[in-house]
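Worksheet: one structure, shown below.
The values are calculated or read from the model by the stated rules, or taken from the named source; none is laboratory data. It should be emphasised that the depicted structure is a prediction, and the values quoted were computed from it without experimental measurement. All Cβ positions, glycine included, derive from the backbone under ideal geometry; neighbour counts span all protein chains shown.
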Amino acid sequence: MTHPPKCFAMAARIQKIWPRSQRGGVLIEFALLSLVFYLLIALVLDMGRMIFSAQVLQDAARVAARELSLTPLPAAMSFDDALDDPAVKAQVFDSALLVIDLDTFSDDLAFQSFLDQLPLVNKMLRSLMIFEQVEIKGSTRRLLRFPGALLNDPTTPSGLSVGIPRVESRGADGVETIRWVPVLEEIPNGSFSLVAPDPLNPPPQRGLVAVRLNYPFQAATLSGFQQGPGGMFEPNLANRIQADDANVDDSANNPISGSPFADGELPTVGPYGGRFGLGGQLAFAGETLRPYRKLLSAQAISRREVLL
C-alpha cells in the first residue's frame, strides 16, 4: 500500500485548519477601514455644508447691496442709521429677527405666515439658520437662529440676538482672543453717505453700498487643531484646541448689540455652544475640544441711487 506524499498530507491538514483561522477576519478588516470611511463621510458632510453656506452667503450679500442701493434714503444718512430705518427693517434686513422663538407660534400656519413676511435678506439667510433647543437660565427654549454666539438682548422680540466672534489670535495653549463683528457690516466705514462726515478727511469713495455678511462655519463632526511647529504638512494630533471659555479674551472692539451670557447660563457642548458661540465637542479622556472653524465672509458693492 502506497502512502500519499508528505506535502499532500500537510496541505490537507492546513485545509482543515484554515476556515477556523478566518473567523472574525471580516470584522477586523472592517474595524481597520471604518475609521477612514467615517472620516471621509464627516469630511464630505461638513465640507459640503461649508460650500453651500458660502454660496448662500454670497447671494445674500449681493441682494443686500442691491436693495440698500435702491431704497430711498437721505443722501447724508450713514450705514448704521440706514439699518435702523423702518423701511430697511421691514423690506431689506432686520438684525432683531436673527433669533426666532418657536414657542411663540400657535401652529405651523402661523409660523409659515411669519416667515413669509420676513425682510428679503432675512429670508435668504433662513436656509443657514439652525434649530436649537437650549436651556437658558433654567428655562428650555426652542429657537431657530443664525449661527454664532447667542447674546442677551432685551431690545429684540425674542430677547436674544446673535454676535459673530472673530478669532484674532490664539495662544500656544489654544486660548482665543476674539473681536465681535455683526452679521451685516459696512466695508469700509463711511462710504455709504454722500456727504463726508469729515470734509478734511473724506473717504476715497462716497455713495457706495459696500457690505459684508459674516457666517461662522463650525463643523459638527470635525475637531479643530493648531498647525504644528514643523509646518502644515507635519502631524499635529497633539495640538488639539481645548474649549476654554473661561479664558477667552473679548475685550477688543464690541460693535454688536447685546451682551454675552455669564458662564454656566448656556450649554458648553455643541457646534455653537458656550457663551462665546465657539462650540465644544466631547472627546476622549474627558476633553472638550473646539470644532473645526472657518469665518466665511461674503462681500458685495453697489452704487446708491439718490436724487440730490
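Results, tabulated for the structure shown:
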{"read-out": "Options PHE225, PHE276, PHE217; residue that is closer than 18 Å to SER169 by Cβ, touching a helix residue (DSSP H, G or I) at 6+ places or on another chain (Cβ under 7 Å) and not charged (D, E, K, R)", "value": "PHE276"}
{"read-out": "Candidates LEU83, LEU115 - the one that is of a type outside the set (Asp, Glu) and either without any contact (Cβ under 8 Å) to a residue 24 or more places away in the chain or touching a strand residue (DSSP E or B) at 6+ places or on another chain (Cβ under 6 Å) (or both)", "value": "LEU115"}
{"read-out": "Neighbours by Cβ (under 8 Å, 6+ apart or cross-chain): first from segment 229-252, in contact (Cβ under 8 Å) with a residue 40 or more places away in the chain; second acidic (Asp, Glu)", "value": "ARG240/GLU287; GLN242/ASP173; GLN242/GLU287; VAL248/GLU176; ASP249/GLU176; ALA252/GLU168"}
{"read-out": "Residue selected from segment 256-288 under the condition over 19 Å from the mean Cα position of the chain (by Cα), in a loop (DSSP other than H, G, I, E, B) and not aliphatic (A, V, I, L, M), by the criterion farthest from VAL183 (Cα to Cα)", "value": "GLU287"}
{"read-out": "Residue satisfying all of: in segment 41-80; touching a residue at least 40 places away in the same chain (Cβ under 8 Å), in a helix (DSSP H, G or I) and of a type in the set (S, T, N, Q); farthest from VAL181 (Cα to Cα) among these", "value": "SER69"}
{"read-out": "Selection within segment 289-308 - in contact with a helix residue (DSSP H, G or I) (Cβ under 8 Å, 6 or more places away or on another chain), loosely packed, with under 15 Cβ neighbours inside 10 Å and not in a strand (DSSP E or B)", "value": "GLU305"}
{"read-out": "Total residues in segment 231-243, condition surrounded by fewer than 16 Cβ atoms within 10 Å (Cβ to Cβ), at pLDDT 75 or above and not in a strand (DSSP E or B)", "value": "2"}
{"read-out": "Residues of segment 62-93 satisfying the condition of being closer than 30 Å to THR140 by Cα, surrounded by fewer than 19 Cβ atoms within 10 Å (Cβ to Cβ) and not small (Gly, Ala, Ser)", "value": "LYS89"}
{"read-out": "Index of the failed condition, MET1 passing every other in (1) among the hydrophobic types (A, V, I, L, M, F, W, C); (2) surrounded by fewer than 10 Cβ atoms within 10 Å (Cβ to Cβ); (3) at pLDDT 70 or above", "value": "(3)"}
{"read-out": "Hey, ARG141 among the basic types (Lys, Arg), over 22 Å from GLU186 (Cα atoms) and free of Cβ contacts under 8 Å to residues at least 60 places away in the same chain or not", "value": "yes"}
{"read-out": "Neighbours by Cβ (under 7 Å, 6+ apart or cross-chain): first from segment 152-180, closer than 21 Å to ILE130 by Cα; second part of a loop (DSSP other than H, G, I, E, B) and charged (D, E, K, R)", "value": "GLY159/ASP153; LEU160/ASP153; SER161/ASP153; TRP180/ASP250"}
{"read-out": "Residue satisfying all of: in segment 202-230; in contact with a strand residue (DSSP E or B) (Cβ under 8 Å, 6 or more places away or on another chain) and assigned to a loop (DSSP other than H, G, I, E, B); nearest to VAL181 (Cα to Cα) among these", "value": "GLY224"}
{"read-out": "Scope segment 180-208; condition over 15 Å from the mean Cα position of the chain (by Cα) and modelled with pLDDT of 80 or more; matching residues", "value": "GLU185, GLU186, ILE187, SER191, PHE192, SER193, LEU194, ARG206, GLY207, LEU208"}
{"read-out": "Count - residues of segment 127-141 that are touching a helix residue (DSSP H, G or I) at 6+ places or on another chain (Cβ under 7 Å) and surrounded by 14 or more Cβ atoms within 10 Å (Cβ to Cβ)", "value": "2"}
{"read-out": "Residue check, ILE28 of a type in the set (Val, Ile, Thr), modelled with pLDDT under 75 and loosely packed, with under 11 Cβ neighbours inside 10 Å", "value": "no"}
